[in-house]
């Protein structure tokens with residue numbers, strides 16, 4: 001079900017602060033229909049149901065829709081990252097794996113995908129249903145590595161890929177739920193040192209009959225994103241009668257509010273775990289509230 005508490009989205013506001021390649025809150029698609037447009041494609045299986053990622057209202061991190069990889073064993077959706085061979089690139093998305101279910105994706109070196117190029121092998125969540133809340137990467141430059149994730153909750157996945165010296169010398173950082181699985185500077189290779197052709201895309205595959213996971217709040221930017229978990233700060237927001245209330249378990253250092261044109265309409269230093277903002281003078285609509293909590297930045301989308 002959609003979250004029924006304060007509307008909280010882990011969203012680095014790249015439209016303002018970074019060179020955004022694309023952002024997708026999954027709200028523009030029709031519920032229950034396959035998504036085969038923009039940066040969403042597939043591994044040559046036709047783009048329809050049973051192949052493309054599906055729009056779903058069963059779960060949502062932000063808004064009312066997310067993208068579902070169902071338990072059909074055939075869905076093979078691809079997020080196209082543009083075959084990057086130079087520069088610095090970051091991808092962030094939110095992921096939800098229901099309790100007891102499995103999830104899986106892999107990084108591909110080239111899109112469109114031909115025979116396939118598994119850059120760092122396979123990335124599993126609860127592989128074979130035998131490891132609830134546990135995940136692994138099976139062929140990174142550091143070998144097989146394990147991690148944990150919260151079952152039945154939305155959590156962040158962040159990749160920072162540094163190709164500044166060319167794809168042959170690329171490094172990366174991979175974080176799940178605010179914790180580094182692979183630290184910054186890890187070679188972007190397999191365990192035997194094989195390099196990727198490029199930063200091609202991510203293949204979200206329905207790996208077995210127990211597979212079920214959701215993707216939401218996707219941001220792909222030029223530059224790097226922070227990997228610290230904003231959720232761990234206990235941040236909450238509420239809007240009532242034109243007043244925005246912000247709370248956290250640590251000090252809120254600053255608050256900035258932007259309209260959907262990217263224009264800053266409010267900015268203040270706070271230095272408190274609680275803050276209220278009078279928004280009664282602002283027009284009704286959707287705003288992005290960017291918050292810094294003890295040096296960790298995140299954002300919440302609010303509707304006045």
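Considering 67, 63, 121, 44, the condition of being assigned to a loop (DSSP other than H, G, I, E, B) and over 27 Å from residue 189 (Cα atoms) is satisfied by 63 alone.
Tell me yes or no: at least one residue of the stretch 70-87 is over 14 Å from residue 201 (Cα atoms), in a loop (DSSP other than H, G, I, E, B), touching a residue at least 60 places away in the same chain (Cβ under 8 Å) and within 19 Å of the chain's Cα centre (by Cα). Can you show your working first?
We begin by selecting, within the stretch 70-87, every residue over 14 Å from residue 201 (Cα atoms); these are 70-75, 86-87.
Imposing the further condition that a residue be in a loop (DSSP other than H, G, I, E, B) reduces the set to 70-75, 86.
Restricting the remaining residues to those that are touching a residue at least 60 places away in the same chain (Cβ under 8 Å) gives 70-75, 86.
Applying the additional criterion that residues be within 19 Å of the chain's Cα centre (by Cα) yields 70.
Taking every residue of the stretch 70-87 in turn, at least one turns out to be over 14 Å from residue 201 (Cα atoms), in a loop (DSSP other than H, G, I, E, B), touching a residue at least 60 places away in the same chain (Cβ under 8 Å) and within 19 Å of the chain's Cα centre (by Cα).
The combined condition, being outside the structural domain of residue 104 (by TED's automatic domain parsing) and surrounded by fewer than 20 Cβ atoms within 10 Å (Cβ to Cβ), is not fulfilled by residue 279. Output the number of residues of the stretch 259-274 satisfying the condition of being modelled with pLDDT under 85 and surrounded by 13 or more Cβ atoms within 10 Å (Cβ to Cβ). Adding up the residues that qualify gives 1. If you go through the stretch 39-62 and keep only what is touching a strand residue (DSSP E or B) at 6+ places or on another chain (Cβ under 7 Å), free of Cβ contacts under 8 Å to residues at least 60 places away in the same chain and closer than 22 Å to residue 110 by Cα, you end up with 40, 42, 45, 47, 48, 51, 52. If you go through the stretch 269-287 and keep only what is part of a strand (DSSP E or B) and closer than 11 Å to residue 303 by Cβ, you end up with 286, 287.
Among the residues making up the stretch 276-304, a single one is within 13 Å of residue 236 (Cα to Cα) and modelled with pLDDT of 90 or more: 276.
Evaluating residue 241 against the criteria (1) farther than 28 Å from residue 177 by Cα; (2) loosely packed, with under 15 Cβ neighbours inside 10 Å; (3) touching a strand residue (DSSP E or B) at 6+ places or on another chain (Cβ under 6 Å) leaves one unmet condition, (3).
The values are calculated or read from the model by the stated rules, or taken from the named source; none is laboratory data. Predicted, not measured: the structure shown is a model, and the values here were computed from it. Glycine also receives a Cβ, built like all others from the backbone with ideal geometry; neighbour counts cover every protein chain displayed.
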